[in-house]
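The structure under discussion appears below in the form of structure tokens.
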Amino acid sequence: MQSSAPKLSLAKQKTEEFNRIQKLVYKHTAIVIADDKQDFVRARISKRMRTLNIQTLGEYCDRVESGRESLTQFTNQVTTNHTHFFRENHHFDTLVKHLAEIGPENRTIWSSACSSGEEPYSIAISLAEYFEDIFSSDIRIIASDIDQTIIDKAAQAIYSEDKIESLDRTRKKFAFVKGKGELAGKVRVKKPLRDLIEYKRLNLVEPFDFNSRIDIIFCRNVVIYFDKSTKIDLFNRFSELQEPGDLLFVGHSESLNELCDSYTCLGGTTYQRK
Ligand SMILES: C[S@@+](CC[C@H](N)C(=O)[O-])C[C@H]1O[C@@H](n2cnc3c(N)ncnc32)[C@H](O)[C@@H]1O
């Protein structure tokens, strides 16, 4: 009996610390961390805590709240960056078909949660394969994410060979160079394709600073982490950036249903601005 009391209070303390992390993450990223993700979150943050020589999650929260831990560092610990090239491939086919119809000139495409770059490079590759003069065109591909570390990785455009294993040979040859020496076993996206992309850090829950229309938005596999009110706000702000006919792609398990009626669903998680 005696030994169970301290254990209980330790458990309570851990839950309280976790609740603080949940609130901080929500405040800064709008990501909702489920109650059963405590171990996952602790594992993610523990490396950073070791670097800072911090023992408890509570101390880590203190650092974040007092501004001694940069918000970039903090959000980098808790975001999930899983992605791959040509994920939900049909979106890239629809993208090319749509641009072929309306013309690629003076268009802006935004990969709004770009992670390590596979999504914006899939966009660039799809366009370059179809539109021969894309490199001299004025098309803009903007790629952004909340996580600066992952954006830096995206801009490097260096991937292990297995990341492109599933692509066909022609596409591999078209878009990637094989690494040598230090980069053996790796591939890099070719420079003209890299140069098509403008990277920036952007938090989707903060006001946008675009001063022109965004013809096509990719917002895939990120709103699953947001609550309903954040999704409603985000999709409505997207609709203000777009004009009738423009496209919005969301992730395979995401939907605008009951969230925003400014778009028509075209099927396949593709939406068109009304
Ligand atoms: C699972 S990845 C999705 C990558 C890519 N869009 C795809 O579908 O493969 C989710 C990305 O969303 C980013 N993210 C999370 N919260 C964000 C926010 N509030 N603003 C911008 N990006 C955010 C994460 O850093 C992460 O890179």
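The values are calculated or read from the model by the stated rules, or taken from the named source; none is laboratory data. All values derive from a computational prediction rather than experimental measurement. Reconstructed Cβ throughout: ideal geometry from the backbone, glycine too, with neighbour counts over all protein chains shown. Each accessible area value is taken on the protein alone, full model and side chains, heavy atoms only, with ligands, DNA and RNA left out. Shrake-Rupley method; radii C 1.70, N 1.55, O 1.52, S 1.80 Å.
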query = Which pairs have Cβ atoms under 7 Å, sit 6 or more apart or on different chains, and link a residue in the stretch 220-245 that is among the aromatic types (F, W, Y) to one that is open to solvent by 60 Å² or more (accessible area, probe 1.4 Å)?
reply = Y225/V32; F226/V32
note = Scanning the stretch 63-76 for residues that are closer than 23 Å to K12 by Cα, out of contact with any Asp or Glu (no Cβ under 9 Å at 6 or more places or on another chain) and not β-branched (V, I, T) gives E65
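Let's see how each residue does on (1) out of contact with any Phe, Trp or Tyr (no Cβ under 9 Å at 6 or more places or on another chain); (2) of a type in the set (S, T, N, Q); (3) assigned to a loop (DSSP other than H, G, I, E, B):
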residue	(1), (2), (3)
V187	no, no, no
I214	no, no, yes
P244	yes, no, yes
E258	yes, no, yes
ask   = Hey, does the stretch 41-50 have a residue that's in a helix (DSSP H, G or I) and among the small types (G, A, S)?
value = yes
ask   = Of A128, A143, A154, which residue is small (G, A, S), open to solvent by less than 20 Å² (accessible area, probe 1.4 Å) and more than 23 Å from F210 (Cα to Cα)?
value = A128
query = Looking at (1) part of a loop (DSSP other than H, G, I, E, B); (2) assigned by TED's automatic domain parsing to the domain that holds S136; (3) within 20 Å of I125 (Cβ to Cβ), which is the one condition that is false for L99?
reply = (1)
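Condition check ((1) crowded, with 17+ Cβ neighbours inside 10 Å; (2) more than 9 Å from the ligand (Cβ to nearest atom)) across all residues:
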{"residue": "T56", "(1), (2)": "no, yes"}
{"residue": "E65", "(1), (2)": "no, yes"}
{"residue": "T83", "(1), (2)": "yes, no"}
{"residue": "F92", "(1), (2)": "yes, yes"}
{"residue": "A100", "(1), (2)": "no, yes"}
{"residue": "E119", "(1), (2)": "yes, no"}
inquiry  = Give me the residue from the stretch 157-202 that is within 15 Å of the ligand (Cβ to nearest atom) and surrounded by fewer than 17 Cβ atoms within 10 Å (Cβ to Cβ) and, out of that set, nearest to T108 (Cα to Cα).
reply    = K200
message = Can you say whether L10 is among the aliphatic types (A, V, I, L, M) and open to solvent by 20 Å² or more (accessible area, probe 1.4 Å), as far as the supplied structure shows?
response = yes
